[in-house]
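The values are calculated or read from the model by the stated rules, or taken from the named source; none is laboratory data. Keep in mind that what you see is a predicted model, and the values were worked out from it rather than measured. We place every Cβ from the backbone using ideal geometry, glycine too, and count neighbours over all the protein chains shown. The accessibility values were calculated without ligands, DNA or RNA, using every heavy atom of the protein model including side chains. Shrake-Rupley method; radii C 1.70, N 1.55, O 1.52, S 1.80 Å.
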Amino acid sequence: CLEPLMNRRSVLKALALGGSSLPLLTQAQAAEYAFKIAPLAAFKAEWDAVEFDWTDGPALLLRVPKPAAPDKTLLEVSGVHLTAYLRVCTHEGCTVKLPNADRRLECPCHSSVFNAIDGSPHSGIAGSSLQRLRLELREGDVYAVGFLA
């Protein structure tokens, strides 16, 4: 399995500094770009979570309850349902807190509140959802492999 040669932040930094010696990925390597987050076994109960650093900021991988209807935005493996998203508020980029007892993520800057299951805005001035990450299971480990559209 290929680990990232450079993350998005380091590529942008290199470009901003005028770097011209960036490693080039083949098409096959680009298709295999993935970030290993945690083993599936780490998620024994609903609401178990793992924080990690994604290329665009702090992120959260979270085991959520089984949805009432099939949800293709969740990774489902043997009855375990996982979601992941950036913890970056869509209003002004502050880092939202971890889920509270009400399963909400609060932004400490301007009081926006997001739903912990899908990152959708619940209240406050943030008008859009937290950026969701696409997940894959590879050999028992959960990987982030890009953003959901």
Identify, please: which residue in segment 114-132 is part of a strand (DSSP E or B) and in contact with a Leu (Cβ under 7 Å, 6 or more places away or on another chain) and is, among those, surrounded by the fewest Cβ atoms within 10 Å (Cβ to Cβ)? Arg132
Six or more apart or on different chains, Cβ under 9 Å: which pairs go from a residue in segment 65-78 that's touching a residue at least 12 places away in the same chain (Cβ under 8 Å) and polar (S, T, N, Q) to one that's assigned to a loop (DSSP other than H, G, I, E, B) and surrounded by 10 or more Cβ atoms within 10 Å (Cβ to Cβ)? Could you list them? Thr73/Asp118; Thr73/Leu148
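Could you count how many residues in segment 75-91 are more than 15 Å from Asp141 (Cα to Cα) and surrounded by 21 or more Cβ atoms within 10 Å (Cβ to Cβ)?
Residues in segment 75-91 being more than 15 Å from Asp141 (Cα to Cα) and surrounded by 21 or more Cβ atoms within 10 Å (Cβ to Cβ): 4 in total.
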Which residue is most open to solvent (accessible area, probe 1.4 Å), if the candidates are limited to segment 53-64 and must be assigned to a strand (DSSP E or B) and touching a residue at least 24 places away in the same chain (Cβ under 8 Å)? Pro58
Would a scan of segment 80-89 turn up a residue that is touching a residue at least 12 places away in the same chain (Cβ under 8 Å), touching a Cys at 6+ places or on another chain (Cβ under 8 Å), part of a loop (DSSP other than H, G, I, E, B) and not aromatic (Phe, Trp, Tyr)? yes
Identify, by number, the condition in (1) open to solvent by 50 Å² or more (accessible area, probe 1.4 Å); (2) part of a loop (DSSP other than H, G, I, E, B); (3) of a type in the set (Gly, Ala, Ser) that Ala45 doesn't meet. (1)
